Amino acid sequence: MLTKLCICDGKLVECEDGNAVVFVYTAPDDAERRYLVDVLKIDEHTLNSSLDPDEMSRLEFEPEHAAMIFKRPKHYRSEDNFLFRVVSTGAFLFKDRLIITRTDDVPLFEGRPFIKIQSIQDVCLKLIYRTIVHFVEHLKGINQISSELEQQINISMENKYLLNLFTLEKSLVYYLSAINSNGMLIEKLKNSASKIGFTQENIEFLDDILIENNQCHGQTEIYSQVLAGLMDARAGTISNNLNIRIKALTVITILIMVPTLIVSIFSMNVRIPFAQHEYGFWIITVMAAISAFIIGVLWWKRRW
């Protein structure tokens, strides 16, 4: 699917082909791929890499354009089961146009960064900046989810909450790799600013983007270390909860077992005391109750 955009009053708006300077290809079909490769001379391997979620961020220069691949968070859905993934996005910067390729149809040009746009270079840089903001938003969500899971672990014996924490930890590993890869891309963009055609204002914005990305990387690293360090404690909490339940069940079993033993002895098919006694049943019942009471008192005083 192709979306054509132009810059109007500092904003990106959809327009006709003649005025468009930004072309967004979402999950391009075979015909669109052939146009990009044959007409616009985009390297086929680079095009495929821009749609590969496992591809690392990088910057390459072709005779007529600069090719960038950067990582951004994948849109989270409930069926993902606490696994936050990353996807690749391609940005091919020509002199008069910007080609963007992606696999999922999610809003790219939203938020405050896209209210003052002067050129396609601005679009490219603000797209990377918006990606960093998107990572930070997901980190806040991951932190909130992990806090809720920790509360569930404290009162539960099930492993599913612990497994969900493991999944979140795995997500942070993906994010660390992606953010670090984007950082290297930003460094290369800064070093190649004159070759790409960045203005002094663009270069200053690149410095801000690099700082934001480093802060995002540090925040992700802290979350990952804290979550990894607490996994053993959470597993110990589940084991402790299980031991408490087993202890309670053991107390109940013993309290039932001793009276059952007394009643069983007086229920044998042989001559036994109180067989002819008028209050034999009640005597045996009182003996069983007293035995259960004594066991309970001993358990409480000795704090077993």
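Quick check on ILE69: is it outside any loop (DSSP other than H, G, I, E, B), touching a Lys or Arg at 6+ places or on another chain (Cβ under 6 Å) and not aromatic (Phe, Trp, Tyr)? Give the derivation first.
Working: outside any loop (DSSP other than H, G, I, E, B): yes; touching a Lys or Arg at 6+ places or on another chain (Cβ under 6 Å): yes; not aromatic (Phe, Trp, Tyr): yes.
In short, yes.
List every residue pair whose Cβ atoms lie under 9 Å apart, where the two residues are 6 or more positions apart in sequence or sit on different chains, the first residue falls within the stretch 247-266 and is assigned by TED's automatic domain parsing to the domain that holds GLY296 and closer than 22 Å to GLY280 by Cβ, and the second residue, located anywhere, is in a loop (DSSP other than H, G, I, E, B) and of a type in the set (Phe, Trp, Tyr).
Close Cβ pairs satisfying both conditions: PHE266/PHE274.
Hey, among the residues in the stretch 118-133 that are surrounded by fewer than 20 Cβ atoms within 10 Å (Cβ to Cβ) and out of contact with any Phe, Trp or Tyr (no Cβ under 9 Å at 6 or more places or on another chain), which one's nearest to SER57 (Cα to Cα)?
Step by step, filter the stretch 118-133, then rank; the result is VAL133.
Select from the stretch 6-41 the residues that are farther than 18 Å from ARG72 by Cβ and within 33 Å of the chain's Cα centre (by Cα) and list them in ascending order.
Restricting attention to the stretch 6-41, the residues satisfying the condition of being farther than 18 Å from ARG72 by Cβ are 6-11, 13-21, 23, 29-41.
Once the filter is applied, which keeps residues that are farther than 18 Å from ARG72 by Cβ and within 33 Å of the chain's Cα centre (by Cα), the stretch 6-41 yields LYS11, VAL13, GLU14, PHE23, ASP29, ASP30, GLU32, ARG33.
Somewhere in the stretch 205-219, is a residue β-branched (Val, Ile, Thr), at pLDDT 85 or above and surrounded by fewer than 16 Cβ atoms within 10 Å (Cβ to Cβ)?
yes
Would you check which residues across the stretch 10-58 are more than 12 Å from THR89 (Cα to Cα) and part of a strand (DSSP E or B) and list them? Talk me through it step by step, then tell me what you get.
From the stretch 10-58, those more than 12 Å from THR89 (Cα to Cα) are 10-23, 28-45; that's our starting set.
Within the stretch 10-58, LYS11, LEU12, VAL13, GLU14, VAL22, PHE23 qualify.
Run down ALA233, ALA292, ALA275 and say which single residue is of a type outside the set (S, T, N, Q) and modelled with pLDDT of 75 or more. Break it down into steps so the answer makes sense when it comes.
On the way: ALA233 fails: modelled with pLDDT of 75 or more; ALA275 fails: modelled with pLDDT of 75 or more.
Residue meeting the stated conditions: ALA292.
If you check LEU185, LEU189, LEU210, LEU230, which single one turns out to be closer than 30 Å to ASN159 by Cβ and either outside the structural domain of ILE145 (by TED's automatic domain parsing) or not small (Gly, Ala, Ser) (or both)?
Going through LEU185, LEU189, LEU210, LEU230 in turn, the sole match is LEU230.
Within the stretch 10-33, which residues are surrounded by 12 or more Cβ atoms within 10 Å (Cβ to Cβ) and small (Gly, Ala, Ser)?
Those that are surrounded by 12 or more Cβ atoms within 10 Å (Cβ to Cβ) and small (Gly, Ala, Ser): ALA20, ALA27.
Out of ASN202, ASN164, ASN159, which single residue is under 21 Å from ALA91 (Cβ atoms) and not charged (D, E, K, R)?
Details: ASN164 fails: under 21 Å from ALA91 (Cβ atoms); ASN159 fails: under 21 Å from ALA91 (Cβ atoms).
One residue alone meets the criteria, ASN202.
So in the stretch 99-108, with the set limited to residues that are crowded, with 20+ Cβ neighbours inside 10 Å and of a type in the set (A, V, I, L, M, F, W, C), which one is nearest to the chain's Cα centre (by Cα)?
Within the stretch 99-108, the subset crowded, with 20+ Cβ neighbours inside 10 Å is 99-102, 108.
Now narrow it down to the ones that are of a type in the set (A, V, I, L, M, F, W, C): 99-100, 108.
Working: ILE99: 29, ILE100: 25, LEU108: 20 Å.
Once the filter is applied, the top-ranked residue is LEU108.
Of everything in the stretch 161-207, what is out of contact with any helix residue (DSSP H, G or I) (no Cβ under 8 Å at 6 or more places or on another chain) and over 26 Å from ASP96 (Cβ atoms)? Give them in sequence order. Walk me through how you get there before you give the answer.
Let us first name the residues in the stretch 161-207 that are out of contact with any helix residue (DSSP H, G or I) (no Cβ under 8 Å at 6 or more places or on another chain), namely 163, 167, 170, 174, 177, 181, 184, 188, 191-192, 194-195, 200-201, 204.
Once the filter is applied, which keeps residues that are out of contact with any helix residue (DSSP H, G or I) (no Cβ under 8 Å at 6 or more places or on another chain) and over 26 Å from ASP96 (Cβ atoms), the stretch 161-207 yields LEU163, THR167, LYS170, TYR174, SER177, SER181, MET184.
Residue check: is LEU51 touching a helix residue (DSSP H, G or I) at 6+ places or on another chain (Cβ under 9 Å), aliphatic (A, V, I, L, M) and farther than 19 Å from ASN180 by Cβ? It would help to see each step written out before you state the result.
Details: touching a helix residue (DSSP H, G or I) at 6+ places or on another chain (Cβ under 9 Å): no; aliphatic (A, V, I, L, M): yes; farther than 19 Å from ASN180 by Cβ: yes.
So LEU51 fails the test.
The values are calculated or read from the model by the stated rules, or taken from the named source; none is laboratory data. The model shown is predicted, which means the values in this text are computed figures rather than measured ones. Virtual Cβ from ideal backbone geometry, glycine too; neighbours counted across all protein chains shown.
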